[in-house]
1. Quick one: what does P(r) look like for region 241-296 with 10 Å bins over all Cα pairs, in whole %?
2. What nm distance separates the two modelled labels at LYS349 and ARG146, each placed 7 Å from Cα along Cα→Cβ?
3. Normalised by the residues of the chain, what does the relative contact order come to in percent, with Cα pairs under 8 Å and at least six apart?
4. Do the sum for the chain: with -39,500 (n - 2.57) for every DSSP H run of n ≥ 4, divided by all residues, what is the mean residue ellipticity at 222 nm, to the nearest 500 deg cm²/dmol?
5. Give the average over all directions of the projected area of the C-alpha convex hull of the chain, one decimal, in nm².
6. On a 0 to 90 degree scale, rounded to 10, what angle separates helix 243-255 from the longest Cα axis of the chain?
7. Convert each backbone phi in region 300-311 into a coupling constant with the Karplus relation 6.51 cos²θ - 1.76 cosθ + 1.60 (shift: θ = phi - 60°), then list the ³J(HN,Hα) values in order as whole Hz, x for Gly and Pro.
8. Put +1 on the Cβ of each Lys and Arg and -1 on the Cβ of each Asp and Glu in the chain; which of THR241, ALA255, ILE109 then has its Cα farthest toward the positive end of the dipole?
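The values are calculated or read from the model by the stated rules, or taken from the named source; none is laboratory data. What you see is a predicted model; the values in this text were computed from it and never measured. Cβ placement follows ideal geometry from the backbone for every residue including glycine, while neighbour counts extend to all protein chains displayed. Side chains included, ligands, DNA and RNA excluded: accessible areas come from the protein's heavy atoms. Shrake-Rupley method; radii C 1.70, N 1.55, O 1.52, S 1.80 Å.
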Amino acid sequence: KSVLLHQLIQELLDDGVPKENIAYYELDDPSILRYSDEPIKDVIEYVLARAKGKAYVFFDEVQATDDWFKWIKAYYDRNLGLKIVLSGSSSFGIQNNANKYLRGRTTEIEVMPLGFQEFLLFNETSIPTFNENDSLSMAKAEKQLREELNEYLLVGGFPEWFEAKKSTTPTSSQTVEKTKEREERWLSQLLVDIPKKAIYEDIAKIFKIRNASIIELVLNTLAVDQSKMLSYETINEVVKTDRATLLNYIRFLKASYLILEIPVFGPPKKQMKAMKKFLVTDQGLRNALVKEYALKEDNIGLIVENVVGVNLAFNYKNVCYWREQNHEVDFIADGTPVEVKYKNKIDEKDITGVIKFLEQQNKSTGTVITKNKSGVETIQGKKIKFTPFWAFLLSPNTLI
């Protein structure tokens, strides 16, 4: 979001808006209190005094300042020719007060980590054209994207990575160890910048939590078991707190966009009682939490499943998993079953869950995310589409 704010400012400058008409301030900067007791008021007054024409004010991490919403409302309602852009990493810190004090005055935009296609664009990598019915073009495209895909699965989708990458790119004479060192340094930086800040500065401050380390333990526990079905009791075996507190802490982590909770397919009563799947919203963030600085063959299946689930959650309204008796489907996206099998040889037994779900729901089509296998097959009267993981990431909103 901070990157987007800077891009918006640059667009204004490119469109000829005088720099005197624009102000940007990071409200989580601890030095701010040395200069002002009312930073929002003072910054707005400063830019209004200098601006010739419409003024633009950007406040990053607005939830770090008490009563920010009162000042924003006061200046907005005065019709001063002022455009205000607010950002924050805590939906609790912004949405609650915005809904209460700024109703009808705001437009909300959620910003998630980069998808794979966006990652390629930031990396200035051309996206290959391919035909899923042409094995040669598929193999060529996969080979072209293999290195970037592995990079994406390791470092995640925060755009600051590209600045870190440019500033520390090893020369041709340097070893692979230098690249590993750079990636490890990035993941360590990510750990400090994102979850620790969200937990210890945002959540702990807003909800006046004294022992925020328990929330961090909850997050780490979910990161270790990403994509697995977990009960609250299982999580509490590690966390050791009361159920109400645990549920609140999970709610805080979800509202801070650190995790997603995927319920079971079924009515609300069933969803409340059944186990949940927990996904970390960014794979690089998850790798940082568990200190995995390289992709491992024995864990790649769970990594791919997590990334698939996150992409589905970002692109479909209703995402859940299905489990009945001995049959399971990894995800149900708006009614379409999506099974993740990160391998090339897919046996009929690998998609038994998909077939059973389609039969039970009287549906005809399902999707299997594979390593490289592609194409459409009719199996037991059902149309099954096989899509390579990398191809799915380029078009996650197209399952069939």
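1. Result, from short to long distances: 21, 40, 31, 9, 0 percent.
2. Distance between the two pseudo-spin positions: 3.0 nm.
3. 11
4. -13000 deg cm²/dmol
5. 23.5
6. Between the helix axis and the principal axis of the chain, the angle is about 80 degrees.
7. With coefficients 6.51, -1.76 and 1.60, one gets 5, x, 5, 5, 4, 4, 4, 5, 4, x, 5, 5 Hz.
8. Of THR241, ALA255, ILE109, it is THR241.
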